[in-house]
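Engineer: Questions regarding the structure given below will be posed in turn.
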Amino acid sequence: MIDKLDKIKDIDVNEIESFPDMLDAMGEMGGFNASLTHDGYKIIKNMVNDSQCLRFLSFPAALVATGTRGLLKELIKRKYFDIVITTCGTLDHDLARSYKDYYKGNFDSDDVILDKNDIHRLGNIFVPKSSYGEIIEKKMLELLETLYENNEKKLAPSEIINKMGQMIDDENSIMYWANKNEIPIIVPGIMDGSVGSQIWSFSEQHKDFTLDILKDQHIISDYVFKSKKSGALIVGGGISKHHTIWWNQFNEGLDYAVYISTATEYDGSLSGARTKEAISWGKISNLAQHVTINAEASIVLPLLVKSLIHE
């Protein structure tokens, strides 16, 4: 029997004075993903305010090519999260944009013409080749040569990323603030991107230069096994999402989990899997506060992050 139902309330824009007010109104309007976004905000706020909680921030690279990078940077700058798990493209875009500009484009561009003009397209973002591969190659070679000369020849990927954060003098950078706040950035698929390719290329010329990928797993395990509780804001899918929930199964699952995704679950993909599916694997606790927001992250993250900072 249903004991109590909450009635749908129309949004009154005249009563909304802040971003949190807007989210509260979205929670009462019963508007599909509007109400789920409200629920996600409440879970994130509870997670951030829980002093016993180890907090993961997980996201793929594409967002870092957009202005959403500023929101991710702010979460790290304000120490709302303790550990970041992402993909190699995040390093690529964060490094490149610290020195060169990307530009607004459109989805319907003629890619043959773009290629002839030395412009890559990432969705509706234009990335000049001089703003990507060339600058990444230059900066990574400078860094790797310095490390080699200092006899630092066997580092974990997270240690190289930390060194990149030291190198970058740009407060808009994710790696800059992660280094400054001693927040580890874990990239389990370090070879899948330009930064990884530069490390491989350098190792071809310096055979005694290697990566210790297992060391990063020890870093994660130390965090996970020492934590009393854990939570995660997981944007998108892929390896960064799975690595986050995979490790949390070893400590009774996440206690807080918010997914933001546009992927469908009906093809059985990890990217499309909802939070409730992870419960069956023990990756999210069956007592957890959890929600999947079916939305494009560049739309909902500004609202969530601004509301979190406002409060």
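Engineer: Calculated FRET efficiency, Asp208 and Phe32, Cβ-Cβ r, R0 51 Å, to nearest 0.05? Intermediate results must be reported in sequence, preceding the final value.
Structural biologist: Working: r = 57 Å, r/R0 = 1.11.
Here the calculated transfer efficiency is 0.35.
Engineer: May I ask you to list the residues of the stretch 123-150 whose amide nitrogen lies under 19 Å from a point 7 Å from Cα along the Cα→beta-carbon direction of Ser109?
Structural biologist: Residues 123-136 qualify, since their backbone N sits under 19 Å from the label point.
Engineer: Taking 7 Å along the Cα-to-C-beta vector as the label spot, tell me the Gln249-Ser18 distance in nanometres, rounded to one decimal.
Structural biologist: Going from the Gln249 label point to the Ser18 one covers 4.1 nm.
Engineer: What's the center-to-center distance, using Cα atoms, between the stretch 157-175 and the stretch 57-119 in Å?
Structural biologist: Spelled out, the Cα-based centre of one part sits 15 Å from the other.
Engineer: May I pose another question? Quick check on packing: order 251-260, 119-128 by the mean number of other C-beta atoms within 10 Å, highest mean leading.
Structural biologist: Working: 251-260: 24.6, 119-128: 17.3.
Descending packing order for the listed peptides: 251-260, 119-128.
Engineer: By counting other Cβ atoms within 10 Å of each Cβ, how are Asp115, Asp50 ranked from fewest to most?
Structural biologist: Working: Asp115 12, Asp50 16.
Ascending Cβ contact count within 10 Å gives the list Asp115, Asp50.
Engineer: I need Leu211, Leu270 ordered by Cβ neighbour count within 10 Å, fewest first.
Structural biologist: Values: Leu211 19, Leu270 16.
The most exposed by this proxy come first: Leu270, Leu211.
Engineer: Can you sort Cys53, Cys88 from fewest to most other Cβ atoms within 10 Å of each residue's own Cβ?
Structural biologist: Values: Cys53 20, Cys88 23.
Lowest count first: Cys53, Cys88.
Engineer: As a check on your grasp of the helix formula, calculate [θ] at 222 nm for the chain: sum -39500 (n - 2.57) over DSSP H runs of n ≥ 4, divide by the residue count, round to the nearest 500.
Structural biologist: Numbers: 13 runs with 144 residues, N = 311.
Estimated from H runs of four or more residues: -14000 deg cm²/dmol.
Engineer: In the stretch 253-273, which residues have a backbone nitrogen under 20 Å from the label point lying 7 Å from Asp192's Cα in the Cα-to-Cβ direction?
Structural biologist: What the label zone holds, given the 20 Å backbone N cut-off, is 259-273.
Engineer: Take Glu182 and Thr146, extend 7 Å from each Cα along the Cα→Cβ direction, and tell me the distance between the two endpoints in nm.
Structural biologist: It is 2.1 nm.
Engineer: Right, another one. Starting from the Cα-Cα distance between Lys42 and Ser298, subtract it from 0.36 nm times their residue separation and give me the gain in nm to one decimal. It would help to have the intermediate numbers written out before the result.
Structural biologist: Details: separation 256, 0.36 × 256 = 92.16 nm, distance 1.89 nm.
Residue separation times 0.36 nm, minus the Cα-Cα distance, leaves 90.3 nm.
Engineer: Oh, and also: Starting from the Cα of Ser51, move 7 Å in the Cα-to-Cβ direction to define the label point; list residues of the stretch 224-238 whose amide nitrogen is under 15 Å from there.
Structural biologist: What the label zone holds, given the 15 Å backbone N cut-off, is 228-229.
Engineer: Past the 27 Å Cα-Cα mark, which pairs from Lys215/Lys276; Lys100/Lys215; Lys104/Lys276; Lys45/Lys180; Lys73/Lys100?
Structural biologist: Details: Lys215/Lys276 31 Å; Lys100/Lys215 32 Å; Lys104/Lys276 37 Å; Lys45/Lys180 24 Å; Lys73/Lys100 17 Å.
From the list (Lys215/Lys276; Lys100/Lys215; Lys104/Lys276; Lys45/Lys180; Lys73/Lys100), the Cα-Cα distance tops 27 Å for Lys215/Lys276; Lys100/Lys215; Lys104/Lys276.
Engineer: Follow-up question, since we're still on this one. Per residue and in Å³, how big is the convex hull formed by the alpha-carbon atoms of the stretch 42-294? Walk me through the numbers before you get to the answer.
Structural biologist: Values: hull volume 34.6 nm³, N = 253.
In the stretch 42-294, the Cα convex hull volume per residue is 137 Å³.
Engineer: Take every DSSP beta bridge with both residues inside the chain and express the antiparallel ones as a percent of the total, to the nearest 5. Before the final figure, lay out each step's value.
Structural biologist: Details: 6 of 31 bridges.
The antiparallel proportion sits near 20 percent.
Engineer: If the chain between Trp200 and Arg274 were fully stretched, how many nm would it gain, using 0.36 nm times the residue separation less the Cα-Cα distance? Working shown, then result.
Structural biologist: Values: separation 74, 0.36 × 74 = 26.64 nm, distance 3.55 nm.
Full extension of this stretch gives 23.1 nm more.
Engineer: Something else now. Reported to two decimal places, what Rg/Rh ratio describes the stretch 158-255 when computed on Cα atoms with Rh from the Kirkwood expression?
Structural biologist: Result for the stretch 158-255 is an Rg/Rh of 1.00.
Engineer: Between rounded, prolate and oblate, where does the stretch 34-135 land on the alpha carbon gyration tensor, with a ≥ b ≥ c its root eigenvalues, rounded for a/c under 1.5, else prolate if a/b exceeds b/c? Mind showing how you got there, number by number?
Structural biologist: On the way: a/c = 3.55, a/b = 2.04, b/c = 1.74.
Taking the square roots of the gyration eigenvalues as a ≥ b ≥ c, the stretch 34-135 is prolate.
Engineer: Now for a different question. Taking 8 Å as the Cα distance limit and 6 or more residues as the minimum spacing, I'd like the relative contact order of the chain as a percentage.
Structural biologist: Values: 538 pairs, mean separation 69.9, N = 311.
About 22 percent, as a whole number.
Engineer: Something else about it: Would you please give the FRET efficiency between Glu311 and Asp222, computed as 1/(1 + (r/R0)^6) with r the Cβ-Cβ distance and R0 = 25 Å, to the nearest 0.05? Don't jump to the answer; show the numbers that get you there.
Structural biologist: Details: r = 31 Å, r/R0 = 1.25.
After rounding to 0.05, the efficiency reads 0.20.
Laboratory data are not the source of any read-out in this text; all were calculated from the coordinates shown. Given the structure is predicted, the values throughout are model-derived calculations rather than measurements. Note that each Cβ is placed from the backbone with ideal geometry, even for glycine, and that neighbours are counted across all protein chains shown.
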